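No value in this document is a laboratory result; all are computed from the given coordinates. Remember, it's a predicted structure, so these values are computed and weren't measured experimentally. Methodologically, a virtual Cβ is constructed for each residue, glycine included, from the backbone with ideal geometry; neighbour enumeration extends over all protein chains shown.
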Amino acid sequence: MAGTPTFAIPPSFLGVSRRHRDARFVVAGVPLDVGTTNRAGARSGPQAIRAASRMLVDGDHPRAWIEPAALDLADIGDFAIALGDIRASLDLIERQAAGMGHLLALGGEHGITLPLLRALALRLGRPVGLVHFDAHVDTWPDSFGQALGHGSVFFHALNEGLVDPRRMIQVGIRSPVQRAVWDWTVGQGVTILEAEAVHGAGAAATAARIRDVIGGGPAYLSFDIDALDPAFAPGTGTPEIGGLASWQAQAILRRLGGLDFVGMDVVEVAPAHDVAEITALAAATVAWEYLALVGR
């Protein structure tokens, strides 16, 4: 260890001082939680993830042997939102993400992924593959009557052609779900790996399945922190028992090198419900692992 002690590192992601939008990798917070359906508080997620990320600047990644904080990485702060208005907020998020290169978004609720995918599909001119870690399929047509709630993000993404369903895989699913919603999701061509199947198969086999589904071409990573079991991520709005351990998620991510990732988000951290910052640290580590994947 050398340099500044972690407690004195600036409160940006990994303590980076760069703020320019044309960096190779750009971090932005998206403090929206208007569309949550259980416990609120994900609006405070970006700040908590940044603070926890200070634990990750003591040296190189022990598998990739690069220092993610030393990459051409910028933290441009938080996107603006329209207070209390989901649709206007999603439009604002899409406009702010438009034309941006490789974006790492810190949520915020999972609904932020929809405008991020809209901006990405517009920039690339094609749908992307999707690696989606979550306890929930998030393909409900609406969330308790709210069409743009956080449980409907991938219903819209699929219907809008933002993602290629044949190159979309959901990992860690285990929540209650209506059979019609499940059948619709699978019927679109989406691959679902339930949490129990991941536990049985192991990290290496799970990563191999992800790689088989995604194949070549651009892909996006969306990591809902409630993919982790509440023992490892209590600070989230919709916890579900039986989830992945943090070490499982980390081991899977480390085996996804070579996929053509073009952006990512980590969402649904609600620090008011966290314990000893473990949820925020798990989310920060997901983004750090991602940078190690795409930066080497």
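The table below lists the values:
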{"item": "Spin-label zone in the range 29-44 - amide nitrogen under 16 Å from a point set 7 Å from the Cα of ALA88 along the C-beta vector", "result": "32-35"}
{"item": "Under the span-like rule (Cα at least 24 Å along the axis, Kyte-Doolittle mean at least 0.5), DSSP H helices of the chain", "result": "278-295"}
{"item": "Cα-projected label distance for ASP22 with ARG179, points at 7 Å along beta-carbon direction, nm", "result": "5.7"}
{"item": "Overall dimensions of the range 160-296 by Cα: Rg and Dmax, Å", "result": "14.7, 42"}
{"item": "Directionally averaged shadow of the chain, computed from the convex hull of its alpha-carbon atoms, nm²", "result": "13.6"}
{"item": "Compactness of the range 70-222 - radius of gyration and Dmax, Cα, Å", "result": "15.7, 47"}
{"item": "Kirkwood estimate for the range 197-243, i.e. one over the average of 1/r between Cα atoms, Å", "result": "12.4"}
{"item": "Long-range HN-HN contacts of GLY77 with modeled amide H, under 5 Å", "result": "GLY29"}
{"item": "³J(HN,Hα), Karplus 6.51/-1.76/1.60, whole Hz, each residue of the range 3-18, x for Gly, Pro", "result": "x, 6, x, 4, 5, 9, 6, x, x, 8, 5, 6, x, 5, 9, 6"}
{"item": "Estimated FRET transfer efficiency when R0 is 41 angstrom, pair ALA8-ALA147 (beta carbons, to 0.05)", "result": "0.35"}
